[in-house]
Amino acid sequence: MSRLSSRHLLGLEETPQEDIQLILDTAETFREVIDRTIKRVPTLRGVTILNLFYEPSTRTRISFELAEKRLSADIVNFSTSTSSVKKGESLRDTVQNIEAMKIDMVVVRHGSTGAPYFLTQCMDANIINGGDGSHEHPTQALLDMYTIRHKYKKLKGLRVVLVGDIKHSRVIRSNIWGLKTMGASVALCGPATLLPYDVEQFGCDVYTDVDEALEGADVVNIMRIQLERQQGGLFPSQREYTNLFGITKERLKRLNRNYTIMHPGPINRGVEITSEVADGKNSVILDQVTNGQAVRMAVLYLLSGRKGEEE
Amino acid sequence: MPSKKYDLVISNGRVIDPALGFGKDAHVFIKDGLIKKIEVDSVAIRKELKSFDTSQIIDATDKLVVPGLIDIHVHLREPGREGAETIDSGCRAAAAGGFTSVCCMPNTTPRIDNQETVKFVQDRAKTASARVYVVGAITKNIEGKQLAEIGDLVKMGAVAITDDGNYVQDPNMMRRALEYAKMFDIPVMQHAEDKYLCDGGVMNESFQSTRLGLKGAPPAAEEIAVLRDLALCRLTKSRLHIQHVSTKGAVDAIRQAKAEGIRVTAEVTPHHLILTDDEIGKEFNTNLRVNPPIRTESDREAVVAGLVDGTIDCIASDHAPHTDEDKDCEFDVAPPGMVGLETTVGLIKTFLIDKGYLSWADAIRKMTYDPARTLGPPGGSLSDGTPADITIIDPEKRWTVNAAKFLSRSKNSPFVGYKLTGKVYKTIMNGKVVFE
């Protein structure tokens with residue numbers, strides 16, 4: 001098995017175990033490149049990649065850019081914080097213009113669920129989902145899994161708790177699908193107003209008491225809590241959120257001994273996580289950032305050269 | 001020599017008229033645009049038919065001959081959005097779908113909240129291939145703030161009022177509308193979705209919205225709206241009509257209200273009878289974006305059961321044309337609505353009649369007599385002396401829904417590519433063939 005089953009990466013819900021395995025194994029190879037003095041391989045020489053960002057993003061965009069540069073690809077960036085609708089040009093027109101510029105691969109971030117799928121329907125390039133609405137963010141979940149696997153040498157059988165805004169998080173959705181596919185046990189925890197309808201149907205244990213959720217877990221992956229959710233009336237105050245769901249050193253006692261603290265960033269110190277926890281010896285938050293490049297290099301490499309291929 | 005006594009005969013069809021309780025093979029005789037008589041086959045009749053010129057006979061062997069169908073929920077978009085539909089194109093689509101009468105919704109630009117706009121629509125409809133009955137606005141500019149001049153609208157011929165597209169959110173405003181409409185004995189049609197609970201939802205709130213990370217509108221948004229209006233209807237003793245019922249809770253509430261004697265009627269669309277929200281994640285087809293949203297299987301089963309047991313009176317399409325440009329976009333920014341006039345008959349035959357939920361007579365009743373009874377437009381029957389509005393259906397014709405063949409200006413149907421059984425063969429209005 002040295003080929004992915006799809007020529008796009010739209011989400012992890014449909015991605016089979018063998019594909020995830022292949023991406024993570026390939027990422028191990030690229031991880032070594034990042035530590036070299038000359039952090040560059042000629043793998044994607046002559047391949048043109050567009051980073052199409054309809055939402056503001058710093059770290060995901062930079063991570064993809066670095067991954068692309070390290071693979072010697074040619075890069076163009078298209079960033080706009082306004083949606084295509086407001087701008088007046090439809091997404092299809094934008095994409096067809098891009099297609100006419102002979103782009104081979106597109107990394108897309110968009111505020112609407114399904115926008116990456118829409119792209120696959122109007123162009124031949126390989127599409128990589130860099131986050132669509134509250135739907136999926138597959139490369140983030142892959143780098144989270146890479147980081148966990150790197151430490152424990154396995155994913156199967158581990159207990160992973162995802163804490164935060166379950167309702168609006170694409171990172172959580174991709175993590176749920178990926179972790180479950182790889183045989184991990186997944187628990188979700190957040191305020192009841194941020195748990196989406198019938199969330200149990202994901203096949204996860206669901207908690208509103210963070211102490212219960214952490215009991216016996218190996219990994220805690222903490223999501224950023226966004227201020228606008230509080231303004232939207234979904235929880236009373238940041239203070240109360242921190243009291244009920246903030247990850248403190250005290251709460252870590254419930255975890256397994258060799259526990260791991262993760263956060264996709266950017267972190268709100270003192271809100272969803274204390275500095276003590278974020279900077280503690282079991283935190284891999286910065287490793288996640290480094291590993292993200294390797295995982296994205298692996299995805300780009302594995303999907304490249306398959307432009308226009310029939311599904 | 002052609003017959004002088006009659007202009008046209010529709011011969012040998014299976015004539016179904018639920019209003020008359022008629023369901024036999026028969027011949028329908030038409031003169032001066034009116035139905036003159038319906039006769040079962042006999043030696044004498046066969047002899048009489050010999051006096052007809054072949055151009056005066058429509059052979060309806062193996063076809064169904066039914067009263068011209070009535071759709072009480074149609075958006076014709078003119079004035080204001082002629083790119084999506086005009087009164088003319090919408091009525092051609094209606095004729096193609098077997099509908100000889102449509103009730104048009106007032107959310108045009110300008111709104112149908114004044115006599116001039118009613119008159120404009122009526123003038124445009126004079127040459128159209130279907131009858132157009134205007135449903136006026138409840139409130140000025142359908143904003144829910146001040147009653148429209150409903151007396152004026154009724155005087156011009158409005159058959160009902162609605163702010164369709166918007167729910168009359170203020171209960172006191174809805175109470176006044178019900179009371180005021182009672183003076184004219186017209187029903188108030190409600191688009192029952194509480195906007196605060198919908199909260200900008202773009203699909204049904206269920207595990208599917210959870211899975212896709214799309215904002216969901218809960219079934220409770222419809223149920224609360226319906227329950228509130230039923231309470232107001234009980235209070236005012238007025239006539240209430242619930243548009244496009246989509247949830248089990250709403251069906252149950254209406255069933256109970258009817259048992260109590262509350263004057264409520266209801267409609268359901270083919271898409272709520274057939275589709276469920278697990279379709280959305282397959283291709284993010286924006287033609288599946290509709291308000292109220294398509295729901296879960298248990299809701300779908302409940303609206304089917306409600307239609308079958310009479311809780312829901314009418315089948316109505318909520319024909320809502322949008323241009324390709326407006327629909328070719330991301331799912332959550334697409335405007336809600338889908339076209340329906342040209343697919344209703346095939347969908348009802350394929351998904352309700354062939355699956356044993358309804359007989360042809362039941363289905364025809366819910367598209368003729370019951371809509372006429374609900375909103376009061378004339379028609380819905382083949383009684384002698386009434387205008388010859390007749391739909392002839394080929395019940396076993398197999399066809400594939402092809403948007404390029406729609407007569408509607410818009411193609412936004414989620415049923416494109418569906419293989420259906422049952423198609424309109426000819427549509428006759430005032431004794432003239434308006435579609436074949």
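Numerical summary
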| quantity | calculated |
| --- | --- |
| Top-ranked residue in segment B:328-355 [being among the charged types (D, E, K, R) and surrounded by 20 or more Cβ atoms within 10 Å (Cβ to Cβ); ranked as farthest from the other protein chains (Cβ to nearest Cβ)] | B:349 |
| Selection status of residue B:303, of a type outside the set (Phe, Trp, Tyr), assigned to a helix (DSSP H, G or I) and either under 24 Å from residue B:176 (Cβ atoms) or away from chain A (no Cβ under 14 Å) (or both) | yes |
| Counted residues, segment A:123-139 - those being within 14 Å of chain B (Cβ to nearest Cβ) and either on the phi > 0 side of the Ramachandran plot or assigned to a strand (DSSP E or B) (or both) | 6 |
| Tally of residues being over 23 Å from residue B:69 (Cβ atoms) and not aliphatic (A, V, I, L, M) across segment B:1-38 | 5 |
| Members of segment B:216-237 found to be within 22 Å of the chain's Cα centre (by Cα), closer than 23 Å to residue B:183 by Cα and not aliphatic (A, V, I, L, M), listed by number | B:229 |
| Test: residue in segment B:259-275 that is buried (at least 24 other Cβ atoms within 10 Å of the Cβ) and more than 23 Å from the chain's Cα centre (by Cα) | no |
| Which listed residue is more than 15 Å from residue A:283 (Cα to Cα) and within 14 Å of another protein chain (Cβ to nearest Cβ), from A:270, A:216, A:183, A:190 | A:190 |
| Subset of segment A:143-169 (residues that are away from every other protein chain (no Cβ under 14 Å) and of a type in the set (Asp, Glu)) | A:144 |
| Test set (1) within 14 Å of chain A (Cβ to nearest Cβ); (2) small (Gly, Ala, Ser); (3) in contact (Cβ under 8 Å) with a residue 60 or more places away in the chain - residue B:200 fails condition number | (3) |
| 3 or more residues under 29 Å from residue B:376 (Cα atoms) and touching a helix residue (DSSP H, G or I) at 6+ places or on another chain (Cβ under 6 Å): qualifying helices (runs of 4 or more DSSP H) within segment B:207-291 | B:219-236, B:248-260, B:270-274 |
| Flag if residue B:116 is over 30 Å from residue B:8 (Cα atoms), assigned to a loop (DSSP other than H, G, I, E, B), modelled with pLDDT of 95 or more and in the same structural domain as residue B:239 (by TED's automatic domain parsing) | no |
| Qualifying residue in segment B:27-34 (condition: surrounded by 23 or more Cβ atoms within 10 Å (Cβ to Cβ), of a type in the set (A, V, I, L, M) and outside the structural domain of residue B:133 (by TED's automatic domain parsing)) | yes |
| Segment A:253-291, residues that are assigned to a loop (DSSP other than H, G, I, E, B) and of a type in the set (D, E, K, R) | A:257, A:272, A:279, A:281 |
| Strands (runs of 3 or more DSSP E) wholly inside segment B:321-436 that include at least 2 residues being in contact with a strand residue (DSSP E or B) (Cβ under 7 Å, 6 or more places away or on another chain) and within 22 Å of residue B:25 (Cα to Cα) | B:390-400, B:419-429 |
| Residue selected from segment B:211-231 under the condition farther than 30 Å from residue A:110 by Cα and surrounded by 23 or more Cβ atoms within 10 Å (Cβ to Cβ), by the criterion nearest to the other protein chains (Cβ to nearest Cβ) | B:222 |
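The values are calculated or read from the model by the stated rules, or taken from the named source; none is laboratory data. Computed from a predicted model, the values in this text were never measured in an experiment. Backbone-built Cβ (ideal geometry, glycine too); neighbour counts: all protein chains shown.
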